[in-house]
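Comments concern the structure below.
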Amino acid sequence: MIRLENVEKVYRTDRIETIALSNVSLDVAEGEFVSIMGPSGSGKSTLLHVMGLLDAPTKGSVTLNGRKVESYFDAALAKVRNAELGFVFQTFHLVPDLSVLDNVEVPLLYRGTGGKERRKRAEAALERVGLSARTRHYPSQLSGGQQQRVAIARAIVGAPRILLADEPTGNLDSATGDDVLDLLKDLNTRERCTVVMVTHDERQAAKTHRTVRLFDGRPVS
Amino acid sequence: MTRHLFRLVWNRRRSHLLVGLEILVSFLIVFVVAVLSVTTFGNARQPVGFSVKDVTVVEAGLKKGMSGGDRSGEDQAGEDRERMRRALEAVRRLDGVESAAGVYLAPYGSGNARNAQEVSGRRIEYGYTEATDELLEVLKLQVVAGRWFSREDDGRPYRAAVVTRELAREVFGGEDPVGKDLPDAGGPPEEPARRAIRVVGVVAAYRERNVYSAAEPFAIFRTDLSNPADSAPSRIVVRLRPGTPRDFEEKLVTTLEATVGEWSFTAEPLEVTRDSAARRQLVPMLAGALVGAFLMLLVALGLTGVLWQNVTRRTREIGLRRATGATARHVAVQVVMEVWIVTALAVLVGGAVALQAPLFVPGGLLTAADALSGAALAALALFALTGLCAAYPGWLAARVDPSEALRYE
């Protein structure tokens, strides 16, 4: 499903060269739930961004569903992100001036889905995360856990095959974090959605199929 | 997408309020400039009602050091009429002159004469001049109803006049003005009763102020140099044979000064006078347009700054949109579209105000059609301006790296 081969990511400024990922090779199979762990600055988020085609590797190749994507231009990358990937972030990244329903609709806007169909699918996604009663609310009117559920609804509204979650429970208390993790697990189990999750929490990582550990940008066993 | 962006703009209406107000004020300024341009250049396309080609205007004035002496006003008026008659005869005899007429005020001159009358409770103002019968052929005026005044009007108890369509419409409405008298409020009671002014004909137009002015109500009163009741004209308009060189003016002036020694004369082609008048009209308008353009530049710079800041403030949102499938182009278009939605709202409010302008501009000088054209031009200008202002912040937003944008604090 996702294959990274000898991926290297180097950030260069005028004076400093920072190696964020070094020689990372990784395979994620369809339907897997993989967690990525490691100390701060170990390259977890960078790895997730490279997998999510938000960042291009300096070296190495990324293959998604059998297609090498390094030759893709902006429009093609955006299309893949829209159709095949769903993102969940630690800080939710909800647009504060849009209602819950409008926030969930965002990915469908870039797919050219009609207004009625968008609404229908956004409502279904919100029902799936247990927030169908909050469609008219604004993010500021919701708790952290509810906001993350909205973000998950937005990530799944386009029925992507891969969910990439960057510390989805990092801003939540443990009980709420467990609820969110259960939701991701449920999506993985019932909808065969491949999930890659960055986490600091060993307890949560233990609930996934496999854990990839990073240290200084390199995978460690 | 448009509906989504409209909702976004509407939900952010408080933060967009100042930008919207700025665009609204800009719209109104551009509207004023556009309306002036539309009416001015619209007027320039309208017929002036006479031909200026091969026409020269000669101004007559008393020579320096000469005075009327102690003769009565009537004696002096009689002498002036006689001098003008001699001057016209001398001009007509010159080889190269097709016709010549005496006129109180020539087109495009600096002076103007106006009458104001009450008609059915309405105040009607119109410009006028006085001329001898030959003005018709000198200026090639186009009579559209009735006739031009002529010797047929000699010895009549009225003063013959030809009016423009505008004056005929103002005074007589839909009625045929020919044969009717122009209303006259009359002079002070101690003065003898004035002659009636009888309309004998209507001319298509007589736009004598300048080529950019609107067609105004105007009358040309007949001057009969043998009638003691009429004053002598102080100008001569001369139609020259086509191709007559410019140095003919010198011959004209020399002949006139030899004929009427008490007067001095200056001559200038009517085309030159017209162009000077046009410049006098255009210069303040251009100055106004420059001030408007400068204000627009300030608005544009301010708007660009605000939009730039807005893009920076929304970096994380840009990152999120890129992550969910927006291309760089989508992001740039969104920045421009949002500004255009604010512009559309401001233009709607401004347009509603602007379209009321004809109600407040007196004399029907601004028609609803002109106001509509001005509003449409101003709207186009504002969409272009705000689009340009948003283009650079939009381009910057499109260049934002999605990965960095998502990490932006």
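The values are calculated or read from the model by the stated rules, or taken from the named source; none is laboratory data. Just so it is clear, the structure is predicted and the values come from calculations on it, not from any experiment. Note that each Cβ is placed from the backbone with ideal geometry, even for glycine, and that neighbours are counted across all protein chains shown. Remember, those area values only see protein heavy atoms, side chains included, never the ligands or the DNA or RNA. Shrake-Rupley method; radii C 1.70, N 1.55, O 1.52, S 1.80 Å.
Amide H contacts under 5 Å for A:MET197: A:VAL34, A:SER35, A:ILE36, A:ALA165, restricted to partners 5 or more places along the chain or on a different chain, H placed in the peptide plane at 1.01 Å from N. Extension gain, B:ALA376 to B:ALA196: 0.36 nm times the residue separation minus the Cα-Cα distance gives 60.1 nm. In this rough spin-label picture, where each label sits 7 Å from Cα along the Cβ direction, the B:ARG280-A:SER140 distance is 6.2 nm.
Of the three principal axes defined by the Cα atoms of region B:292-409, the extents in descending order read 64, 28, 18 Å.
Greater than 25 Å separation of Cα atoms is the criterion. Which listed pairs, A:LYS68/A:LYS120; A:LYS79/A:LYS116; A:LYS79/A:LYS120, meet it? Numbers along the way, then the final one.
Details: A:LYS68/A:LYS120 34 Å; A:LYS79/A:LYS116 22 Å; A:LYS79/A:LYS120 22 Å.
From the list (A:LYS68/A:LYS120; A:LYS79/A:LYS116; A:LYS79/A:LYS120), the Cα-Cα distance tops 25 Å for A:LYS68/A:LYS120.
Applying the Karplus relation 6.51 cos²θ - 1.76 cosθ + 1.60 with θ = phi - 60° to region B:151-160 yields 3J(HN,Hα) values of 5, 4, 8, 4, x, 7, x, 10, 9, 6 Hz, where x marks Gly and Pro. Legend: calculated FRET efficiency, A:VAL10 to A:SER40, from the Cβ-Cβ distance at R0 = 22 Å, rounded to 0.05, equals 0.70.
Modelled label positions at B:ARG3 and B:ASP95, each set 7 Å beyond Cα in the direction of Cβ, lie 8.6 nm from each other.
Just to confirm, what accessible area per residue do you get for the protein assembly as shown at 1.4 Å probe, in whole Å²? Kindly include the intermediate steps, with their values, before the conclusion.
Numbers: 30160 Å² over 630 residues.
Counting only protein heavy atoms, the per-residue value for the protein assembly as shown is 48 Å².
Close Lys pairs in chain B (alpha-carbon distance under 30 Å; sequence gap of 8 or more, or different chains): 7. Expressed as an acute angle from 0 to 90° and rounded to the nearest 10, what is the orientation of the C-alpha long axis of helix B:13-45 relative to the principal long axis of chain B? It works out to around 30 degrees. Surface composition of the protein assembly as shown: carbon plus sulfur atoms contribute 55% of the solvent-accessible area (1.4 Å probe, protein chains only, all chains present).
Counting pairs of Cα atoms in region B:67-261, how many percent are more than 28 Å apart? Considering region B:67-261, 30 percent of its Cα-Cα pairs are separated by more than 28 Å. Contact order, relative form, for region B:67-261: 33 percent (alpha carbon pairs under 8 Å, 6 or more residues apart, mean separation divided by residue count). The phi torsions of region B:401-408, fed into the Karplus equation with coefficients 6.51, -1.76 and 1.60 and a -60° offset, translate into couplings of 6, x, 5, 5, 4, 5, 8, 4 Hz, rounded to whole numbers, with Gly and Pro shown as x.
Set the Förster radius R0 to 51 Å, insert the Cβ-Cβ distance between B:SER226 and B:VAL349 as r into 1/(1 + (r/R0)^6), and round the FRET efficiency to 0.05. Walk me through the numbers on the way to the answer.
Working: r = 65 Å, r/R0 = 1.27.
So the FRET efficiency works out to roughly 0.20.
The slack between B:ALA116 and B:GLU250, meaning 0.36 nm per residue of separation minus the straight C-alpha distance, is 44.3 nm. Expressed as a whole percent, the proportion of Cα-Cα pairs in chain A lying more than 32 Å apart is 17%. Counting only protein chain heavy atoms and rolling a 1.4 Å probe, the accessible areas of A:ILE36, A:ILE19 rank, largest first, as A:ILE19, A:ILE36.
For chain B, the spherically averaged projection of the C-alpha convex hull amounts to 28.5 nm².
Would you please give the FRET efficiency between A:THR63 and A:LYS116, computed as 1/(1 + (r/R0)^6) with r the Cβ-Cβ distance and R0 = 41 Å, to the nearest 0.05? Mind dumping the intermediate values first?
Values: r = 36 Å, r/R0 = 0.89.
The pair A:THR63/A:LYS116 has a calculated efficiency of 0.65.
Note: relative contact order over chain A, using C-alpha pairs below 8 Å and six or more positions apart, is 30 percent.
Shielding by partners for peptide A:80-86, expressed as the average number of C-beta atoms from other protein chains within 10 Å of each residue's C-beta, is 3. In this label model, B:ASP184 and B:GLU152 are separated by 2.1 nm, measuring between points 7 Å along each Cα→Cβ vector.
So for each of B:301-313, A:122-134 I average, over its residues, the number of other beta carbons within 10 Å; can you give me the resulting order with the highest mean first? Don't skip to the answer; put the middle values down first.
Values: B:301-313: 16.4, A:122-134: 18.5.
Top of the packing list down: A:122-134, B:301-313.
With 0.36 nm allotted per residue and the present C-alpha distance subtracted, the B:GLN76-B:LEU18 stretch has 14.0 nm of extension available. In chain B, with Lys and Arg counted as +1 and Asp and Glu as -1 at Cβ, which of these residues, B:GLY61, B:LEU88, B:GLY174, has the Cα nearest the positive end of the dipole, that is, farthest along it? Value: B:GLY174. Pairs of C-alpha atoms in the protein assembly as shown farther apart than 34 Å represent 62 percent of all such pairs.
In peptide A:106-113, how many Cβ atoms from other protein chains are near each Cβ within 10 Å, on average?
Details: counts 8, 6, 3, 10, 8, 2, 1, 0.
For peptide A:106-113, the averaged partner shielding equals 5.
Taken residue by residue and averaged, Cβ atoms of other chains lying within 10 Å of the Cβ of B:324-334 number 6. Think of it as helices only: each DSSP H run of n ≥ 4 in chain B is worth -39500 (n - 2.57), and spread over all residues that comes to -17500 deg cm²/dmol at 222 nm.
As a check on your grasp of the helix formula, calculate [θ] at 222 nm for chain A: sum -39500 (n - 2.57) over DSSP H runs of n ≥ 4, divide by the residue count, round to the nearest 500.
Mean residue ellipticity at 222 nm (helix-derived): -10500 deg cm²/dmol.
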